[in-house]
Amino acid sequence: MSISKKPSHDASFVQKYVFSTDHKIIGIQYGLTSLFFLLFGFGLMMIMRWQLAYPGHALPVMGTIFGENNMPGGIMLPEFYNQLGAMHGTIMVFLGVVPLGFGGFGNYLIPLQIGAKDMAFPRLNLLSYWIFFAAGGLMLASFFLPGGPTGNGWTSYPPLSDLAHDGQSIWLVGMFLIIISSLFSSINFIVTIFQLRAPGMTFERLPFFIWAQLVTAFLLLLAFPPLEGAAFMQLMDRLLGTSFFLPSGLDVSGQVLTNISGGGNALLWQHLFWFLGHPEVYVIILPALGIVTEIIANNTRKPISGFNYMRYSVIFLGFLSFIVWSHHMYLTGMGTNVTAFFQTTTMLVSIPSVIIISGLFITLWGGSIRFNSPMLFALAFLPMFGFGGLTGLPLGLATTDIPLHDTYYVIGHFHYVVAPGVIFAIFGGIYYWFPKATGRKMNETLGRLHFWPTLICMNLVFFPMLIQGIAGVNRRLYDGGESYLFMHDVLYWNVIISWAVWVMAVAQIPFIFNFFWSIFQGEKVTSDNPWEATTLEWAAPTPPPHGNFTKKITVYRGPYEYSLEGASKDYSPQFEKDI
Amino acid sequence: MYMQEQEDEIIPYIVESREDTGLYNAKFGIWLFLASEIMLFGSLFSSYILLRVGASSWPVQSDFLNVPIGALNSVILITSSMFIIRAWTSLKANDFKKFQKFMWLTIVFAIFFLCFKGVEYAQHFMHHEYPKKSVFLALYFLMTGLHALHILGGIIVNIYYVSSGSRLWSTNPRWFTNRIEVAGLYWHFVDIIWIFLFPTLYLF
Ligand code: HEM
Ligand SMILES: [Cu+2]
C-alpha cells in the first residue's frame with residue numbers, strides 16, 4: 001500500500017490548488033472561504049451595531065459608501081437594517097460556521113484521523129466545494145440587486161417572504177445550492193468513515209471528533225432536504241403565483257390579495273424550516289464539541305472521562321434533534337398536547353448534552369494541564385457553551401418561552417452557544433492543527449493577545465442582551481428599541497454592547513496577523529507530532545502529502561491513551577504498537 | 001479515464017466490498033443519497049397531507065387528472081425498472097450485448113413515461129389549469145414535476161453508461177457492473193416514488 005505512484009508535481013497549479021480533489025486542499029479551501037464569510041458577517045453586524053447604539057445618527061467615515069437608497073446621508077434606513085440582519089444570520093450560519101466546522105475541519109481531518117488516503121468520492125468532494133462557493137457568490141451578489149438582498153431574517157417566514165422583492169428568490173436559490181453541497185459532503189463523509197478506516201480502526205477506537213462529524217453528516221443528510229422542498233414551494237409561490245404559504249383572504253396593508261388562489265398555510269413553512277433549523281443547531285455544535293474534545297484530551301494528558309457515554313450521547317442527541325423542532329413555534333397556537341410533546345423532547349435533549357459537557361469538565365480534574373493557545377480557547381468554550389445551553393432551558397418550556405420569544409434574550413442565548421462557544425472551539429482548532437497543515441506553530445503571545453480581549457468582549461456583547469431581553473427588548477428592531485418607552489431603561493446597554501463589538505474586531509487583528517505571519521515565519525515544528533498527541537493525523541508527514549501517509553497505518557488502541565501506567569512516555573499513540 | 005485510474009489506486013473498496021460493512025463505496029453512497037431523497041419527497045407528501053387536511057374544500061382528484069394515462073405510466077415505469085435489472089444481470093453473466101439491449105429498453109421506456117407526462121401537462125395547460133389555480137394543482141405540478149426531473153436525470157446517466165461510459169467495461173468490468181447496480185438502485189427508487197405519487201394524487 002504505497003502512496004500513489006503518479007507523482008503529483010506534474011499536476012498543474014490549477015489542478016493542485018484550485019480544482020483539487022485532495023481532501024486537505026478542499027478542507028483548506030472550505031476553511032479560508034468560510035473564515036472570509038465569518039469576517040464578512042461580522043462586518044455587517046459592526047455596521048448594524050452603530051445604528052443600534054446611535055439610532056438615526058449618520059455612520060461616520062463609511063456612511064456614504066452604501067448609497068442613497070440604503071443610507072441617505074449616512075443614516076441607515078429600516079429596510080437596510082433588515083437586509084443586513086437577514087444576511088448576517090444567513091451568512092454566519094450557512095456560509096460561515098457550518099462550512100468551517102464541517103467542510104473545513106471535517107474534510108481536512110476525517111481521512112487523516114481514520115488512517116485513509118482520501119475521501120471515498122474525491123470528485124464529489126470537489127463538486128461540493130464549488131457548489132458551496134457558487135452559493136456564497138450568489139448570496140453576495142444579491143447585495144447588488146436593485147432592491148438589495150433579502151430582508152426577511154434568516155428564517156424567511158411567509159407570507160412576508162412570499163411577497164418580498166427579488167433578493168428573496170436569490171436567497172432561496174442560494175439555500176438550494178447550499179443544501180445540495182452539504183448533501184454531497186455528508187454522503188462522502190459517512191461513506192468514508194464507514195469504508196476507509198485503516199486496519200485496526202474499529203468503531204470503538206474512533207476519536208470523538210469522528211463520531212461528532214459522523215452524526216453531523218447524518219443530520220445534514222436527513223434534515224436538510226425538507227427545506228429544499230420548502231424552497232421549491234416558496235419559489236413557486238413567488239415566481240408562478242401559487243399559494244403554498246398564502247392563506248385565503250390574506251390581507252396585505254389593508255387590502256385583501258385577490259390575484260392568488262389562497263388555500264395555503266404559512267405555518268407549513270415554519271415546520272419545514274425548523275425541521276432543518278433545529279438539527280442545524282447540532283450541525284453547528286457537534287463539530288465544535290469534537291474539536292474541543294481532541295484539544296482537551298491532548299492538553300490534560302488524560303483519557304477523556306466517560307468517553308463511552310459521550311459517544312452514545314452524541315448519537316442520542318442526533319436522534320432527538322429530529323423531534324424537537326416545534327419548540328421554535330410555541331407562539332403559533334399549536335395546542336397543548338403538541339406543545340407538551342415538544343417540550344418533553346426538548347428537555348430530554350439536555351441529558352446527553354450535559355453528559356458530554358460533564359465528561360469534558362471531569363477530564364480536567366487532576367490533569368496536568370498545558371495552557372497553550374488551543375487549550376485556552378477550549379477551556380473557555382466549556383463554560384461559555386454551557387451557559388448558552390442553560391439559558392436555553394427557559395426557551396424550551398412553553399410557559400417561559402412565551403414572554404421571551406423574539407426578544408434579545410433569544411439572541412443572547414444562542415449567540416453564547418455559537419460565538420464564545422462554537423467560534424472559540426474553531427479558533428482553538430485552528431491553533432491546534434495549524435502545525436500539521438503548515439509545519440509551523442502559531443505565535444503564543446499573539447494567541448493570548450487574541451484570546452483574552454475576545455473572551456471579555458464576547459461577554460460584554462452577549463450578557464447584556466440577556467438583560468435587555470428579559471426587560472422586553474425585541475429582536476429585529478432597527479432603532480434598538482428607541483421608539484418604545486418601556487425599553488428605555490435598558491437601552492444604555494446598546495452603547496456598551498456596540499463598543500464591545502468594535503473592540504472585539506480590533507482583537508481579531510492579532511489573530512489574522514498571526515495566521516498569515518505564522519505560515520511563513522512561525523516557529524518550525526521539529527517532529528510530525530509536536531503536541532505529543534495520540535490520534536492518527538499526527539502519524540502523517542508534515543504537511544501531509546497527497547495520499548497522506550508514507551508508512552502503513554495500523555491502529556492498536558483507543559484514541560485517548562494518555563499517561564498509561566507502565567508506558568515509556570505520557571502518550572501512547574494509536575499508531576504505535578509498543579506503549 | 002486518467003483521473004479514475006489514479007483514484008482507484010488511492011481509494012479501496014471501489015470494486016470489492018468491505019468485509020465489515022458488506023458494501024462497496026458507491027453502493028453505500030447511493031443508499032445514503034436515497035435516504036435523503038426520501039426526506040425530500042417525504043416533506044412534499046407531508047405538505048400535501050397538511051394542506052389537504054386544512055383545506056376547506058378539495059377537488060375530486062380523479063376528475064381532474066387523467067387516471068388512464070397515470071395508470072399506463074405506472075406500468076411503463078415498472079417495466080422499465082425490470083429492464084434495468086436485466087441489464088445488470090446480463091453484465092453479471094458477462095453478456096455485454098444483452099446489457100446494451102436492456103439498458104436501451106430502460107431508457108426508451110423512461111422516455112415514453114416523460115412523453116405521456118408531457119401529454120398530461122399539455123392537456124392541463126390547454127384547460128388553463130396552471131399551478132396557481134389551486135393548491136391541489138400546485139402540489140400536483142410540484143410533485144410530479146420534481147419526479148419527472150428525477151426521471152430525466154436517470155435517463156441522462158443511463159445513456160452515459162450505455163454509451164461512452166461503457167468503455168470502463170473493457171478495462172474494469174466489475175467496477176462497471178457496480179455502477180450499473182447503483183444506477184439500478186436509483187432507478188427503482190424513482191419508480192417507487194411514482195408508485196406512491198400515483199394513488200396519492202390521482203386516486204385518493
Ligand atoms: C461574534 C459576533 C456576533 C455578534 C456581535 C452578533 C450580533 C447579533 C445581533 C445583535 C443580532 C440581532 C439583530 C437583530 O435582531 O436586529 C444577531 C442576529 C443573528 N445572529 Fe449574530 N452575532 C455574532 C455572531 C454570530 C454567529 C457566529 C452566528 C451563527 C452561527 C450568528 C447568527 C445569527 C443569527 C442566525 C441571527 C438572527 C438573524 C435574524 O434575525 O434573522 N451570529 N447577531
Ligand atoms: Cu431548536
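With the contact rule set at Cα under 8 Å and sequence spacing of 6 or more, what percent relative contact order holds for chain B?
For chain B, the relative contact order is 30 percent.
Under a point spin-label approximation (7 Å from Cα along Cα-to-Cβ), what is the residue A:64-residue A:567 distance to one decimal in nm?
Each label point is offset 7 Å from its Cα along the Cβ direction, giving 6.4 nm.
Accessible area, 1.4 Å probe, largest first: how do A:281, A:314 sort?
Heavy-atom accessible area, descending, gives A:281, A:314.
Leaving out ligands, DNA and RNA, what percent of the accessible area of segment B:92-204 is carbon and sulfur, probe 1.4 Å?
The C+S portion of the solvent-accessible surface of segment B:92-204 is 71 percent.
Just to make sure I understand: if all protein chains stay in place, what is the order of A:555, A:495 by accessible area at 1.4 Å, largest first?
Result of the area sort, largest leading: A:495, A:555.
Could you state the angle between the C-alpha long axis of helix A:23-53 and the longest principal axis of the C-alpha atoms of chain A, as a value from 0 to 90 degrees rounded to the nearest 10?
40 degrees
Could you let me know the centre-to-centre spacing of segment B:65-104 and segment A:29-98, using Cα atoms, in angstrom?
Taking the Cα centre of each part, segment B:65-104 and segment A:29-98 sit 55 Å apart.
List the residues of segment A:222-242 that lose 40 Å² or more of accessible area once all protein chains are present, compared with their chain alone (1.4 Å probe, heavy atoms only, no ligands or nucleic acids).
A:222, A:225, A:232, A:233, A:236
If each of residue B:127 and residue A:248 carries a label point 7 Å out from its Cα toward its Cβ, how far apart are those two points in nm?
2.0 nm
Per residue Cα convex hull volume for segment B:83-204, in cubic angstrom?
95 Å³
222 nm [θ] for chain B, helices only, -39500 (n - 2.57) per DSSP H run of 4+, per residue, to 500?
-26500 deg cm²/dmol, from helical runs alone.
Quick one: which of B:100-113, A:267-280, A:241-254 comes out on top by average Cβ neighbours within 10 Å, and what's the full order, highest first?
A:267-280, B:100-113, A:241-254
Keeping all protein chains in the complex and leaving out DNA, RNA and ligands, what accessible area do you get for residue B:89 with a 1.4 Å probe, in Å² to the nearest 10?
Rounded to the nearest 10, that gives 60 Å².
In Å², and per residue, what accessible area does segment B:83-204 have when probed at 1.4 Å with the other protein chains present?
Ligands and nucleic acids excluded, the figure is 45 Å² per residue.
Taking the Cα centre of the protein assembly as shown as origin, work out the dipole magnitude from +1 charges on Lys and Arg Cβ and -1 charges on Asp and Glu Cβ, in debye rounded to 20.
Computed charge dipole of the protein assembly as shown: roughly 1580 debye.
To the nearest Å, what is the center-to-center distance of segment A:490-532 and segment A:373-411, using C-alpha atoms only?
23 Å
Provide the packing ranking of A:399-408, B:188-197, B:114-123, i.e. peptides ordered by the mean count of other C-beta atoms within 10 Å per residue, highest first.
B:188-197, A:399-408, B:114-123
Filter B:97/B:117; A:551/A:577; A:16/A:117 down to the pairs with a C-alpha to C-alpha distance above 19 Å, please.
B:97/B:117, as the Cα separations exceed 19 Å there.
Roughly how crowded by other chains is peptide B:20-33, in terms of the mean Cβ count from those chains within 10 Å of each of its Cβ atoms?
If you average over the peptide's residues, the count of other-chain Cβ atoms is 5.
Express the Stokes-Einstein translational diffusion coefficient of chain A in µm² s⁻¹, to the nearest whole number, given a Kirkwood radius over alpha-carbon pairs, 25 °C and a viscosity of 0.890 mPa s.
Once the numbers are plugged in, D ends up at 99 µm²/s.
Give me the Debye-computed log₁₀ of I(q)/I(0) at q = 0.11, 0.13, 0.15, 0.17 Å⁻¹ for segment A:442-579, equal point scatterers on Cα only, no solvent, two decimals.
-0.69, -0.78, -0.85, -0.95
With just the Cα atoms defining each centre, how far is segment A:272-291 from segment B:136-153? Give it in Å.
30 Å
Note down the nm distance, to one decimal, between modelled labels 7 Å out along Cα→Cβ at residue B:31 and at residue B:164.
Distance between the two pseudo-spin positions: 3.3 nm.
Restricting things to alpha carbons, tell me how big segment A:202-342 is in terms of Rg and Dmax, in Å.
20.8, 69
Averaged across the residues of A:116-129, what count of C-beta atoms belonging to other chains lies within 10 Å of each residue's C-beta?
Across A:116-129, the average partner-chain Cβ count within 10 Å equals 3.
Return a whole-number percent for the relative contact order of chain A, with Cα pairs under 8 Å and 6 or more residues apart as the contact set.
After rounding, I find 16 percent.
Can you work out the base-10 log of I(q)/I(0) for segment A:7-140 at q = 0.13, 0.19 1/Å, using the Debye formula on its C-alpha atoms alone?
With no solvent term, the Cα-only Debye profile gives -0.65, -0.99.
Which value, in debye to the nearest 20, gives the size of the charge dipole of segment B:83-204 about its Cα centre, when Lys and Arg are +1 and Asp and Glu are -1 at the Cβ?
400 debye
Give the dimensionless ratio obtained when the Cα radius of gyration of chain B is divided by 2.2 N^0.38 Å.
1.18
Helix A:424-438 sits at what angle to the longest principal axis of chain A, using alpha carbons and giving 0 to 90 degrees rounded to 10?
Approximately 40 degrees, to the nearest ten.
Might you tell me the accessible area per residue for segment A:121-179, computed with a 1.4 Å probe and given in Å²?
For segment A:121-179, the solvent-accessible area averages 36 Å² per residue.
How large is the convex hull of the C-alpha atoms of segment A:170-263 per residue, in Å³?
123 Å³
Which length gain, in nm to one decimal place, applies between residue A:13 and residue A:513 when the Cα-Cα distance is subtracted from 0.36 nm times their residue separation?
Result for the pair: 177.4 nm of gain on full extension.
Once both axes come from the Cα atoms, what is the angle between helix A:122-141 and the longest principal axis of chain A, in degrees from 0 to 90, rounded to 10?
30 degrees
Per residue of B:130-138, what is the mean number of Cβ atoms on other protein chains within 10 angstrom of that residue's Cβ?
Mean partner shielding for this stretch: 6.
Provide the FRET efficiency to the nearest 0.05 for the residue A:523-residue A:46 pair, computing r from the beta carbons and using R0 = 41 Å.
It comes out at approximately 0.80.
Residues of segment B:122-144 with backbone nitrogen within less than 20 Å of a virtual label 7 Å along the Cα-to-Cβ line of residue B:196, please, listed as ranges.
Correct set: B:136-144.
The values are calculated or read from the model by the stated rules, or taken from the named source; none is laboratory data. The shown structure was predicted, so the numbers you read here are calculated from the model rather than taken from an experiment. All Cβ positions, glycine included, derive from the backbone under ideal geometry; neighbour counts span all protein chains shown. Heads up: the accessible areas ignore ligands, DNA and RNA and are worked out on the full protein's heavy atoms, side chains in. Shrake-Rupley method; radii C 1.70, N 1.55, O 1.52, S 1.80 Å.
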